[in-house]
1. Where does each of 183-191, 232-240 land if you order them by average Cβ count within 10 Å, highest first?
2. What number comes out for accessible area per residue over the stretch 141-245 if the probe is 1.4 Å? Units Å², please.
3. Ranking request for peptides 338-347, 411-420: highest mean number of other beta-carbon atoms within 10 Å first, then the rest in descending order.
4. Let me check I have the definition right: for the stretch 40-191, take the eigenvalues of the Cα gyration tensor, multiply each by 5, take square roots. What are those semi-axes in whole Å, largest first?
5. Would you mind checking which residues have amide H under 5 Å from Asn35's amide H? H placed 1.01 Å from N; only 5 or more apart, or other chain.
6. Which of the peptides 348-357, 220-229, 78-87 is most tightly packed, and how do the rest follow, going by the mean number of other Cβ atoms within 10 Å of each residue?
7. Using θ = phi - 60° and the Karplus form 6.51 cos²θ - 1.76 cosθ + 1.60, what ³J(HN,Hα) does each residue of the stretch 288-294 get, whole Hz, x for Gly and Pro?
8. Tabulate in residue order the Karplus-calculated ³J(HN,Hα) for the stretch 336-353, using 6.51 cos²θ - 1.76 cosθ + 1.60 with θ = phi - 60°, rounded to whole Hz; enter x for Gly and Pro.
Amino acid sequence: MLWAALWTFLVAVPAYAQQVSDDQFPIQPRVPHPNDHTIDCPTIANQVLDSRFRCGLFDVPLDWQNPGLGNGRIFYARFPASPGVVRKGTIFIDTGHPVTVTDDLSSRQWLFERGARMHNYTHGEYDIVTWDARGKGVHGLTIPGPSWCFFNFQERARFYAASAREGTYRASWDPKTLQFYDPQDSRHVKQWYNAQAKLVEDCLAKQNSTMLRYVGTAATTRDLIAMADAFDGPGSPVNFWGMSYGSLIGSYLLRMFPERAGRVVLDGLRDLESYVNQESYQTWKEDVLHANSAFASLPAACCKGSNNAGRCSIVKMSSETSPLKILATSLIVARNALVGWQRTFEAEIKNHHLLRYIKAVLPFKLPALDKNLDLRSIAMILHSSQVPQSFDLGVMPIFCGDKLYEHVPDTPENALRMLTLLQDSDELGSLLSGSAFPPLRYMCHLWPIRAAERLPLASADDAEFSSYTPPAHPFLVVNHLQDPLHRPEHVNRIASGKYFADSRVAVQTGFGTPALAHSKCMVDVIIGYFLHGSDALTNMTLCDGVPMKVEDPAST
């Protein structure tokens, strides 16, 4: 597992000297709180946990604006600070799951596998906490939880078969896996659009629609503040590490509660303004175009010689990690995050865009482990790593509920307009999947419910947008120069003070995404920040990648 390699790399980082930073805070000892209820930590099969792990359910109002409406609860997992040390508080971590989709990045599993190492690197001075935010996690723990549509494969298969019959077409996908038998084209776009629109309608009818108004990110941010008050004392600074889409909670924190900002890391930045204001389909189109550009830029940069060494590199976690494996995993994560349909292996190997690209990057100087990899075996790796289509709506209720624009009913005219847009752009994701179709969270025109509380954020062109209270302490933004999931212009906006003041920026040269890999330099920056605050940072830190040689793809 790539994250395991990252944390092995962390273990090699020298211990930091103890020092007091300019943003050191007095933190109360952790004491029992009436809203905090201890439970046994749920585990996956055959998993043995360190006895120090603690889990709990934390009571919160269902509606923070109307506490009398009833209660919800938040599931969290904690690796406690060491007894006998001066406790600095809690570091809350959101891994971006389930958008950065791998089981390895689920918040609970992340902590169970890496909590002890994170604890060691912060000298045992912090509680390390992950939690299942509203609308996420395991059914029955956090309330309101995920929106389940089906309970098993058979129920889901029956639904999609009925959807095809109603549309008077033959289903072009495997009934169990929902993988298309052939490379998708504009005909499949229409079929899958109609099926997904029907899915949202059918699933919504099974839900308590009132509860769906309370899964927004603004409510989750207030939950975070409440947990910090309970765990570290009222008014305590909130230390937070948000990875990829988890960085959105950090951005909400900085806008809603700037006075509570402690040590906040936005690791793989998602753009706040486009998240709440832009039509979701347009965001998807820009995200897919950027991802393809980021992947395509790597072999092109490597052909330009030593003057482009910074861009001709793949960020590795250790010398044992093959750059090709990181590249393949990046393709897997980007595909799972940005493409809303799948295909069988037989259809996979017909993606001539992807196969031509793999052939271009195969000349990387690889360890002996990779000598037997060919185009077919790499395509098999990518295919077998597809995350199965879920039984729920994913984060659609959260992401679409956070939109500031109101829902416009999906009339036949609107549906035809969206269908035309999708058919015109079905080859956007050429490297990712041959042809592209958005995941549900990018189809907010189908989602009628908006969150009870939404972040009041003007357009970035308005003077009001730049009117904000600076955070109490400097925060850290982390990004890769060539990151398929996160665009560098979003970091530029942060650095220019467009959204928030007083940021510190760390940029990793080369190709990669923080969801998968950090160099030793970047690990030093993040851990140093949590240990020593802003004293450990300059305004801009540049971490260099390791150049990798590749032949000119035009010659392959």
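1. Values: 183-191: 18.0, 232-240: 20.4.
The peptides rank, most packed first, as 232-240, 183-191.
2. 39
3. Working: 338-347: 20.2, 411-420: 12.2.
Output ranking for 338-347, 411-420: 338-347, 411-420.
4. Details: eigenvalues 324, 82, 37 Å².
Sorted largest first and rounded, they come to 40, 20, 14 Å.
5. For Asn35, no residues qualify.
6. On the way: 348-357: 18.1, 220-229: 22.1, 78-87: 15.7.
Listed from highest to lowest mean packing, they are 220-229, 348-357, 78-87.
7. 5, 4, 5, 4, 4, 5, 5
8. 3J(HN,Hα) across the stretch 336-353, in whole Hz: 5, 7, 10, 10, x, 8, 9, 9, 5, 4, 4, 7, 4, 6, 8, 6, 5, 4.
The values are calculated or read from the model by the stated rules, or taken from the named source; none is laboratory data. Being a predicted model, the structure only gives us computed values, none of them experimental. Positions of Cβ are backbone-derived with ideal geometry, glycine not excepted, and every protein chain shown enters the neighbour counts. These area figures cover heavy atoms from the full protein model, side chains too; ligands, DNA and RNA do not enter into them. Shrake-Rupley method; radii C 1.70, N 1.55, O 1.52, S 1.80 Å.
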